[in-house]
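Comments concern the structure below.
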Amino acid sequence: MSESVLYDVAVVGGGPAGLTAAIFAARRGANVILIDRKIDPGQKLLLSGGGRCNILPSVSDPDAYVTDSSPFTLRNILRSWPLEDVRFFLEVEAKIKVQADPASGKLHVIGGGKVARSSLLDLAERTGVKIKRNFQVVRLNGSNPFFLTCPEKRTIRATRVILACGGLSYPQTGSDGSGLELLRSRDIQIVPPYPALTSLIGARSTHRILSGITMTVTVTAKSETDEASCRDGFLFTHRGYSGPAILNTSHVVARARQRREQAQVFVAWTDHTEDEWRAMLTEGKRSVRGVLLREMPDRVADQLLSEISLDEGRVATLEKDRREQLVRLLTRYPLPITRNDGFSSAEVTGGGVHLSEIEPKTMQTKKVPNLYICGEMLDAFGPIGGTNFLWAFVTGNRAGEAAGMKSG
């Protein structure tokens with residue numbers, strides 16, 4: 001059964017990218033339908049920041065993003081709608097009030113993710129967007145017009161289509177990779193997706209007693225192909241390791257597994273260099289443990305000492321080879337990981353549609369006219385802290401403006 005209406009623009013996916021695309025397409029005068037497989041679209045907004053919704057970063061840094069595509073293309077896309085303009089749209093037009101976290105400077109929504117989601121949905125409806133809830137597009141046929149087939153053989157026709165279906169992360173929100181499947185027959189290059197911004201699973205049972213301890217550390221992840229480093233919060237969990245420093249480097253582990261490469265993760269427990277630690281562990285009357293306790297939680301210090309069977313001897317009597325063993329553990333500790341966590345808990349999806357497949361100014365695919373792609377479906381992701389919402393808003397804006405403009 002096909003709807004009699006021929007829509008100017010059909011947006012598939014009601015997350016931040018899709019809602020933004022629908023709003024800007026409708027503002028250009030287009031007759032827009034937004035289709036989402038959930039009864040309540042925009043669910044990822046509810047999960048961000050533990051419900052607080054870290055909706056934007058304090059600064060836009062294109063170099064912080066990870067992509068297998070051209071960094072130059074990514075940079076041009078991000079700069080096409082400046083951060084201050086995105087914030088104006090959210091605060092003034094969508095009436096979403098944000099405030100900066102005093103410690104991190106990250107921008108959170110006053111009232112949390114529920115407020116952000118309801119505000120964007122309200123704006124879309126006020127702009128004239130028709131929202132079709134609890135509908136999943138299972139096939140995308142044709143091109144002029146497009147035929148979007150939903151369950152029970154219902155079909156929606158549209159002159160232009162914007163895909164904003166998300167990746168594979170948090171599939172319970174509706175993003176399960178089905179959007180990428182819609183492109184399989186369109187000869188569009190897709191970088192194999194992988195879970196990004198995930199926790200890491202640990203292999204050493206003795207670390208479980210450290211569960212709940214948080215520290216600020218430097219994590220460095222290396223594989224044959226990739227390397228990433230981050231100084232930020234670190235958390236011992238009952239399954240392994242988490243916190244921003246882990247999440248922001250975990251993609252190296254995920255990509256290594258995908259390529260059947262080996263990956264190693266190292267931790268520097270403080271910001272002291274090797275030479276600084278050698279100096280602190282060479283002279284003085286303090287015990288070795290006492291020196292460590294000045295820099296880290298006691299349970300972590302005891303764990304490190306136990307791993308090299310070092311007792312509470314004095315610094316002055318510490319043998320050189322034992323000192324070097326300890327310095328290595330303090331500055332380049334090999335984290336005993338087995339794997340990264342999967343898509344079910346990944347905050348975002350790495351990989352996706354290669355950026356060479358789209359026109360950067362419009363998000364239109366080069367091979368299929370009038371087909372646009374935005375948000376997490378594209379091959380780019382940033383660190384935690386609002387960068388991925390920024391990417392969603394910018395690419396959604398570009399796609400919506402371009403698709404809607406053809407209706408004017």
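What follows is calculated from the coordinates using simple rules that are stated; it is not laboratory data. Treat the numbers as computed from the prediction; the structure is a model and nothing was measured. Because the Cβ atoms are built from the backbone with ideal geometry, glycine has one as well, and the counts that use them run over all protein chains shown.
Structure notes:
- Dipole orientation for the chain: of the candidates Phe236, Trp81, Gln43, Gln43 has the Cα lying most toward the positive pole (charges on Cβ; Lys, Arg +1; Asp, Glu -1).
- Extension gain, Arg294-Ser356: 0.36 nm per intervening residue step, less the Cα-Cα distance, totals 17.2 nm.
- For a paramagnetic label modelled on Ser205 (point 7 Å from Cα along Cα→Cβ), amide N atoms under 16 Å away belong, within region 223-255, to 238-240.
- On the principal axes of its alpha carbon atoms, the chain extends 86, 43, 37 Å, with the longest extent given first.
- Scattering profile of region 199-341 at q = 0.12, 0.14, 0.17, 0.19 Å⁻¹ [log10 I(q)/I(0), Debye over alpha-carbon scatterers]: -0.49, -0.65, -0.91, -1.09
- Between Arg332 and Met405, the distance separating the two model label sites (each 7 Å from Cα on the Cα→Cβ line) works out to 5.2 nm.
- Note on Glu224 and Ser185: with the Förster distance fixed at 45 Å, the Cβ-Cβ geometry gives a FRET efficiency of about 0.85.
- Extension gain (nm, one decimal) between Gln325 and Val5, 0.36 nm per residue minus Cα-Cα: 108.0 nm
- Mean Kyte hydropathy of -1.0 or more with a Cα span along the axis of at least 24 Å, helices from DSSP in the chain: 387-405
- Net length available on complete extension from Asn134 to Arg286 is 48.1 nm, with 0.36 nm assigned per residue and the Cα-Cα distance removed.
- In region 20-139 the Cα-Cα distances spread across 5 Å bins starting at 0 as 2, 10, 16, 18, 19, 18, 12, 3, 0, 0 percent of all pairs.
- Comparing Asn31, Val129, Thr155 along the charge dipole axis of region 18-165, the residue lying farthest to the positive side is Thr155, per the Cβ-charge model.
- Within the chain, percent of DSSP bridges classed antiparallel, to nearest 5: 70
- Expected 222 nm ellipticity per residue - DSSP helices of 4 or more, -39500 (n - 2.57), all of the chain, to 500: -8000 deg cm²/dmol
- Separation between Cα centres of region 162-235 and region 364-381, rounded to whole Å: 21
- Residue order, fewest to most surrounding Cβ atoms within 10 angstrom, among Leu78, Leu378, Leu56: Leu78, Leu56, Leu378
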